Every structure is written in C-alpha cells, then in structure tokens.
Amino acid sequence: MGRLFGTDGVRGVANADLTAEMALGLSVAAAHVLAEAGTFEGHRPTAVVGRDPRASGEFLEAAVVAGLASAGVDVLRVGVLPTPAVAYLTGELGADLGVMLSASHNAMPDNGVKFFARGGHKLADELEDRIESVYEEHRTGAPWDRPTGSGVGRVRDYEEGSDRYVAHLLGVLPNRLDGLKVVLDEAHGAAARVSPEVFQRAGAEVVTIGAEPDGLNINDGCGSTHLDKIKAAVVEHGADLGIAHDGDADRCLAVDHTGAGVDGDQILAVLALAMRERSVLRSDTVVATVMSNLGFKLAMEREGIRLVQTAVGDRYVLEEMKEHGFALGGEQSGHVIILDHATTGDGTLTGLLLAARVAQSGRTLADLAAVMERLPQVLINVPDVDRTRVGTSAELSAAVSDAERELGETGRVLLRPSGTEPLVRVMVEAADIEQARSVAGRLADAVKSALG
C-alpha cells in the first residue's frame with residue numbers, strides 16, 4: 001500500500017478513494033496512536049471535528065465522529081468552519097486532537113481528512129506513518145480494545161465555535177477597516193459565513209460573491225483558483241480591494257482596486273513591512289519556499305528584511321518558523337502563516353491584516369504591492385525522465401551553470417523533481433519574458449537529453 005498521507009492529510013475522490021470505512025478506521029487509528037504517544041496524558045480525550053460544505057463531508061463527518069467515539073474520544077462537532085478555525089479551536093479549547101474534513105481547493109468530488117495534534121498543530125510525519133500502520137493492522141483484522149458502557153465517547157454540537165473564532169480574528173486586528181469597501185469571494189466554501197461577518201464587524205463595507213454553498217458548488221469557477229469573477233466584481237463595485245479564499249479558507253489571494261491580482265509573495269511583502277513597522281516581525285525575517293518569485297527576494301533584500309527559503313510546502317515553512325521563532329511565512333499560492341495568531345495558514349486572518357494595512361496607511365493595495373516587482377516565471381514539466389538523477393547528472397549541471405551565467409543577477413533557475421511522478425519541473429525567472437522562455441526551453445531539452 002502506498003502512503004495514504006500526502007502533504008496535507010489524506011485526500012481522494014469521496015466514496016471511491018476516501019470511503020466512510022477509511023475515515024472511520026483512520027480516526028480510530030489516530031486515537032490509538034495519539035494515546036500511545038502520550039498526547040492524552042491519562043485523561044479522557046476530546047476531539048474537535050469540523051468540515052467544509054461538500055456534500056460528502058456529511059457522511060464522512062459521521063464516520064469520523066463514530067470512529068472517535070468508538071475509541072473512547074469525546075467529540076465536539078463544530079460543523080462547517082474553515083480549516084484554521086478548527087486548528088484554532090483545537091488549541092483554544094484544550095482538545096487533544098482536531099479533525100478537518102476538506103479537500104481545500106480541489107474540485108467537489110474530492111474530500112480529505114486532516115488531523116491536528118494538541119495545540120492545533122499538524123501531525124509530525126512519524127505520527128502519520130504510525131496512524132497508517134495501525135489503520136492497516138485494524139483493516140486486516142487485528143483486534144483492538146473497544147470501550148463499552150461509560151467508556152465510549154460522547155458527542156455534542158459545539159455551536160459557540162464560530163463566535164469564538166470570529167472574536168479571535170477581531171482581537172488580532174491592529175486597526176479597524178472603516179471606510180474600506182471589500183469584495184470577498186468565499187469559493188462557496190467553509191468561510192462563506194464567518195469571513196463576511198468578521199469583515200463587516202471590523203468596519204468594512206462588504207460585497208460577497210461565491211458565498212452560497214450548496215454542497216456541490218465549492219471551488220466551482222470561483223475562489224482563489226479562479227480570480228476572474230472577483231477581479232470583475234472589484235471593478236464593478238468600485239471596491240478598494242478583493243479577497244479570495246479557497247474551499248477551506250486556509251489560502252488568501254487578493255485583487256487591487258484596478259482588478260489586478262496580488263499573489264502570495266506580494267501579500268507576504270506587504271505584511272512583512274507592516275509587521276516590522278509594528279515591531280512584531282521577529283528577527284526582521286520572513287520565511288518562504290524556493291518557488292517564491294525572485295522579485296520577492298530582491299524586494300526583501302532592498303528593504304533590509306532577511307528571507308529564509310524552504311522546500312515547497314507550507315508544512316516546511318511552518319517547521320522553519322517554529323524551530324527559529326519567526327513570525328511570518330508563506331507561499332506564493334496564498335498560504336500565509338502568522339504564527340503569533342495561527343498554527344496554520346489562515347486566509348481570513350491574512351485578508352483582514354492586508355485590508356488593515358490598506359486602511360491604516362491610506363495607500364491603495366496596488367501601491368503597497370508595488371514594493372516588489374514580479375519577474376516573469378516560465379514553468380515547464382518534463383515527463384518520462386529519471387527524476388532521481390537531477391542532482392547527480394554532470395551534463396545537466398553544466399546546462400544549469402550555462403543558464404545561470406546567461407541570466408546573471410536578475411534571473412534564476414530551479415529544477416525540481418516531482419515527488420510522485422517521473423517528471424522534472426523546470427522553472428526560469430528573468431526580467432525579460434522572452435529570455436526566460438528561451439532559457440527554459442533549452443533547459444527542458446537538456447533534462448530530456450540527460451535524464452531521458
């Protein structure tokens with residue numbers, strides 16, 4: 001069996017890859033593994049369980065709740081809330097674990113199960129591996145001690161969860177949003193209710209789109225993966241900015257008043273300067289991945305802010321932040337982590353802080369985002385090659401060196417082997433798009449020649 005856990009939980013087509021039986025079994029295994037790891041510390045454990053609005057989330061939630069309760073875990077069911085809300089409530093309520101049912105930005109047929117440890121933190125790889133192992137043991141018939149009588153878990157709805165999360169977000173804001181008109185695209189997802197509420201209570205005039213989830217329309221032509229609608233809405237309504245979330249609202253992309261997109265790198269740049277101004281950007285450092293635009297790196301260098309880069313994936317950004325105590329990190333895709341106030345990417349929090357900077361500064365988002373110039377990026381996937389030899393091929397190394405000499409200080413080359421497929425991703429950045437395309441094309445040919 002291949003590894004079930006990916007970079008963000010277990011995902012697949014609901015009721016095909018991800019079945020009710022699997023969701024139940026994973027929940028039982030998680031309860032046992034976390035108990036063995038000492039997470040429950042000898043007391044009766046409690047779990048927070050939430051979901052996004054996907055239709056399949058209804059039966060998968062029932063399966064997860066049944067699995068946890070059958071393993072002796074009390075369950076607080078918070079209903080439809082964003083992933084970062086479930087993580088926050090897991091920590092705030094002193095729960096022993098949290099479970100979120102969502103496939104984030106994926107299309108509706110998919111769903112996923114994500115576990116949080118005590119404090120609302122993602123599980124370490126070794127715990128995920130152990131959960132998989134125990135799940136497989138149970139699936140193949142290994143017996144386990146089932147509690148009976150008063151030992152079974154109790155289940156109740158925790159309706160206060162939404163209000164506590166909204167209060168938390170409002171408490172984080174450094175200033176109100178009075179005078180701003182904001183368009184919110186909720187992707188017909190998990191933040192469709194809480195995000196408009198918190199922006200309105202913060203003082204903004206709010207226009208919402210994509211805020212009518214019916215269980216089937218999540219991420220369907222809207223949200224952070226489809227910005228055309230919010231771009232048009234911002235211009236149509238004369239808004240100051242737009243904020244777009246994905247299905248579980250752990251991402252945030254933005255649109256300025258002209259209808260131009262503002263990506264995660266630009267958001268990080270704006271927030272880094274705002275946080276440094278408030279003396280909350282610890283060590284004057286921001287963390288991002290190697291896929292961040294070179295323009296972001298150059299802007300941070302110019303502004304005297306240190307940039308630490310990690311492997312691709314928000315979990316690696318978070319690990320670096322936690323290890324060294326950094327306050328801000330994220331990805332170009334819009335996963336932004338403000339570690340003083342969240343244990344994971346929080347799209348609503350990110351959007352609030354971005355809007356707060358616009359309101360506080362009196363400047364447009366377009367002006368604020370202009371702190372960095374996005375250099376053109378060309379990405380080519382080269383299939384059917386031996387990705388394991390990317391770092392050892394002398395022929396490829398020579399081709400990369402030639403490309404870097406040609407690009408000089410205003411360009412960059414990145415070769416990244418896929419973690420799951422026999423392909424290599426070639427990324428080239430340059431001030432001139434035609435030069436970037438030319439260099440990327442030659443490097444793609446070199447990858448085929450050296451690794452094909």
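The values are calculated or read from the model by the stated rules, or taken from the named source; none is laboratory data. From a predicted model like this one, the values you see are computed outputs, not experimental measurements. For neighbour counting, all protein chains shown are included, and Cβ atoms are generated from backbone atoms with ideal geometry for every residue, glycine included. We work out accessible area using only protein heavy atoms, side chains counted, and drop any ligands, DNA or RNA first. Shrake-Rupley method; radii C 1.70, N 1.55, O 1.52, S 1.80 Å.
Specify the residue that is farthest from GLY411 (Cα to Cα); the eligible residues are those in segment 280-297 that are of a type in the set (Val, Ile, Thr) and open to solvent by 10 Å² or more (accessible area, probe 1.4 Å).
VAL280
Quick one: in segment 387-436, which of the residues that are polar (S, T, N, Q) and open to solvent by less than 50 Å² (accessible area, probe 1.4 Å) is nearest to the chain's Cα centre (by Cα)?
Going through the qualifying residues, I end up with SER418.
Pull up segment 265-274, narrow it to residues that are open to solvent by less than 10 Å² (accessible area, probe 1.4 Å) and not small (Gly, Ala, Ser), then point me to the one that is farthest from GLY329 (Cα to Cα).
Checked segment 265-274; the qualifying residue farthest from GLY329 (Cα to Cα) is VAL270.
Of everything in segment 30-62 that's farther than 24 Å from SER102 by Cβ and of a type in the set (A, V, I, L, M), which residue is modelled with the highest pLDDT?
ALA35
Okay, residues lined up against (1) closer than 30 Å to ASN175 by Cβ; (2) touching a Gly at 6+ places or on another chain (Cβ under 7 Å); (3) aromatic (Phe, Trp, Tyr):
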position: LEU365; (1), (2), (3): yes, no, no
position: ALA369; (1), (2), (3): yes, no, no
position: LEU375; (1), (2), (3): no, yes, no
position: ARG389; (1), (2), (3): no, no, no
position: VAL400; (1), (2), (3): no, no, no
position: LEU423; (1), (2), (3): no, no, no
position: VAL426; (1), (2), (3): no, no, no
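Would you be able to say whether some residue in segment 59-69 is open to solvent by less than 30 Å² (accessible area, probe 1.4 Å) and of a type in the set (Asp, Glu)?
yes
Go through (1) farther than 19 Å from ALA190 by Cβ; (2) part of a helix (DSSP H, G or I) and name the single condition THR350 misses.
The number of the failed condition is (1).
How many residues are more than 24 Å from LEU298 (Cα to Cα) and assigned to a loop (DSSP other than H, G, I, E, B) if we restrict to segment 353-371?
Total satisfying the criteria: 1.
Name the residues in segment 372-405 that are under 27 Å from GLN266 (Cβ atoms) and either outside any strand (DSSP E or B) or hydroxyl-bearing (Ser, Thr, Tyr) (or both), would you?
Passing the criteria: MET372, GLU373, ARG374, LEU375, PRO376, ALA403, GLU404.
Examine segment 16-25 for a residue that is open to solvent by 10 Å² or more (accessible area, probe 1.4 Å), at pLDDT below 95 and either of a type in the set (Val, Ile, Thr) or under 12 Å from TYR135 (Cα atoms) (or both), and state whether such a residue exists.
Within segment 16-25, not a single residue is open to solvent by 10 Å² or more (accessible area, probe 1.4 Å), at pLDDT below 95 and either of a type in the set (Val, Ile, Thr) or under 12 Å from TYR135 (Cα atoms) (or both).
So ALA440 passes all but one of these: (1) touching an Asp or Glu at 6+ places or on another chain (Cβ under 9 Å); (2) more than 22 Å from GLY261 (Cα to Cα). Which condition number does it fail?
(1)
Among the residues in segment 159-171, are any open to solvent by 30 Å² or more (accessible area, probe 1.4 Å), in a loop (DSSP other than H, G, I, E, B) and basic (Lys, Arg)?
No, there is no match, as no residue in segment 159-171 is open to solvent by 30 Å² or more (accessible area, probe 1.4 Å), in a loop (DSSP other than H, G, I, E, B) and basic (Lys, Arg).
State which residue pairs qualify: first residue on the phi > 0 side of the Ramachandran plot and open to solvent by 30 Å² or more (accessible area, probe 1.4 Å) and inside segment 85-98, second residue modelled with pLDDT of 95 or more and not in a helix (DSSP H, G or I) in any location, beta carbons under 8 Å apart, and separation of 6 or more residues or different chains.
Short answer, once both residue conditions are applied: GLY94/THR46.
Could you list, in sequence order, all residues of segment 176-232 that are open to solvent by 40 Å² or more (accessible area, probe 1.4 Å), within 20 Å of SER104 (Cβ to Cβ), assigned to a loop (DSSP other than H, G, I, E, B) and out of contact with any Ser or Thr (no Cβ under 8 Å at 6 or more places or on another chain)?
GLU212, PRO213, ASP214, LEU216, ASP220, THR225, HIS226, listed by residue number.
Could you please find all residues in segment 200-211 being under 19 Å from VAL166 (Cα atoms) and either touching an Asp or Glu at 6+ places or on another chain (Cβ under 8 Å) or touching a residue at least 12 places away in the same chain (Cβ under 8 Å) (or both)?
ARG201, ALA202, GLY203, ALA204, GLU205, VAL206, VAL207, THR208, ALA211
Taking GLU132 as the residue in question, decide whether it is over 17 Å from VAL65 (Cβ atoms), touching a residue at least 60 places away in the same chain (Cβ under 8 Å) and not aliphatic (A, V, I, L, M).
So GLU132 passes the test.
Filter segment 68-119 for residues that are part of a loop (DSSP other than H, G, I, E, B) and within 14 Å of the chain's Cα centre (by Cα) and give the result.
The answer is PRO82, SER102, ALA103, SER104, HIS105, ASN106.
Looking at (1) open to solvent by 10 Å² or more (accessible area, probe 1.4 Å); (2) touching a helix residue (DSSP H, G or I) at 6+ places or on another chain (Cβ under 6 Å); (3) not acidic (Asp, Glu), can you tell me which one VAL262 breaks?
(1)
If we only count strands (runs of 3 or more DSSP E) wholly inside segment 275-336, which ones have 3 or more residues that are not small (Gly, Ala, Ser)?
Result: 285-289, 306-310.
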